[in-house]
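This report concerns only the one structure given below.
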Amino acid sequence: MAIAAHPGDAFFAMGLAVALQVHLGGQGVFLSLSLGERGSARIAPAQYGILQRQAAESAAQTLGARAEFLAYPDGEIPVSEEAKFAVCDFIRQYRPGIIVTHWRGSWHKDHEACYKIVNDALFYAGLPAIDRKQPPHEVGKLFFADNWEDANGFMPDIYLDITTVFERWQEACAAFPMWRGGNGFRYNDYYGSLAVTRGCLSGCKHAVALMSPPEQLTRRVKAL
Ligand SMILES: [Zn+2]
């Protein structure tokens with residue numbers, strides 16, 4: 001399950017990891033906390049939000065995954081208990097083994113908000129004493145995605161070979177009007193060549209880098 005502030009983050013920065021899980025027989029869900037409706041200088045937010053939702057649904061379908069939305073206002077995603085419980089409910093509904101989300105070291109306030117919301121939503125989702133419609137669910141692993149806006153202190157410790165799904169992912173991302181630089185940032189060039197760069201560092205054609213929370217790296221062993 002990818003949980004992102006905006007659909008672009010979900011598919012461009014987290015989509016390859018999800019696509020690989022689906023390819024390997026798993027399931028994938030892309031949850032966007034906002035539609036990213038204020039991302040276009042030319043198209044009014046109401047209309048652009050519709051295009052973003054359609055693009056996310058189309059991209060999810062291409063990858064054999066699902067798209068979900070919470071539709072908080074773009075730029076104003078609240079770090080509220082309501083938002084944390086809303087994400088908690090999605091986690092309890094889909095019961096993912098793995099979540100990929102934003103790293104906290106971001107200059108984008110929505111991305112930082114998403115990091116905080118997910119952190120507490122994971123806690124709420126796993127706590128049996130918190131009574132919601134769905135039973136509690138503990139997520140096995142959490143990873144932070146390699147995102148051009150979240151680079152402050154991002155230290156990847158996993159390089160994932162996603163060569164098998166690279167082309168399908170590009171096809172999925174092409175559903176977004178912003179993919180080819182329409183909003184000022186060349187996402188296709190950046191994330192496409194980043195996958196090549198990460199592949200060079202890990203001995204395969206294409207890879208994505210992920211960062212684990214420090215506590216997830218702790219190993220309890222009986223011998224070195
Ligand atoms: Zn974003």
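For the structure I just gave you, tell me whether E37 is among the acidic types (D, E) and either in a strand (DSSP E or B) or within 16 Å of the ligand (Cβ to nearest atom) (or both).
yes
Name every residue in region 133-174 that is β-branched (V, I, T) and within 17 Å of the chain's Cα centre (by Cα), in order of residue number. Within region 133-174, V139, I158, I162, V165 meet the criteria. Give the residue that is modelled with the highest pLDDT, with candidates limited to residues of region 65-100 that are touching a Lys or Arg at 6+ places or on another chain (Cβ under 9 Å) and at positive phi. So, considering only residues that are touching a Lys or Arg at 6+ places or on another chain (Cβ under 9 Å) and at positive phi, the one modelled with the highest pLDDT is G75. The residue that is farthest from the ligand (Cβ to nearest atom), counting only those in region 110-139 that are surrounded by fewer than 21 Cβ atoms within 10 Å (Cβ to Cβ) and of a type in the set (A, V, I, L, M), is A129. Among the residues making up region 57-68, those that are closer than 15 Å to D9 by Cα and touching a residue at least 60 places away in the same chain (Cβ under 8 Å) are A59, A60, A67. Counting only residues that are hydrophobic (A, V, I, L, M, F, W, C), part of a loop (DSSP other than H, G, I, E, B) and farther than 16 Å from L33 by Cα, region 44-77 holds 3 of them. Looking at F11, F69, can you tell me which residue is more than 13 Å from the ligand (Cβ to nearest atom) and either among the aromatic types (F, W, Y) or touching a Cys at 6+ places or on another chain (Cβ under 7 Å) (or both)? After applying the criteria, what remains is F69.
Do the conditions hold for F90, that is, is it within 27 Å of G25 (Cα to Cα) and either of a type in the set (G, A, S) or in contact (Cβ under 8 Å) with a residue 40 or more places away in the chain (or both)? Criteria met by F90.
The values are calculated or read from the model by the stated rules, or taken from the named source; none is laboratory data. Predicted model only: the values in this text are computed from it and were never measured. In this analysis, Cβ positions are derived from the backbone assuming ideal geometry, glycine residues included, and neighbour counts consider all displayed protein chains.
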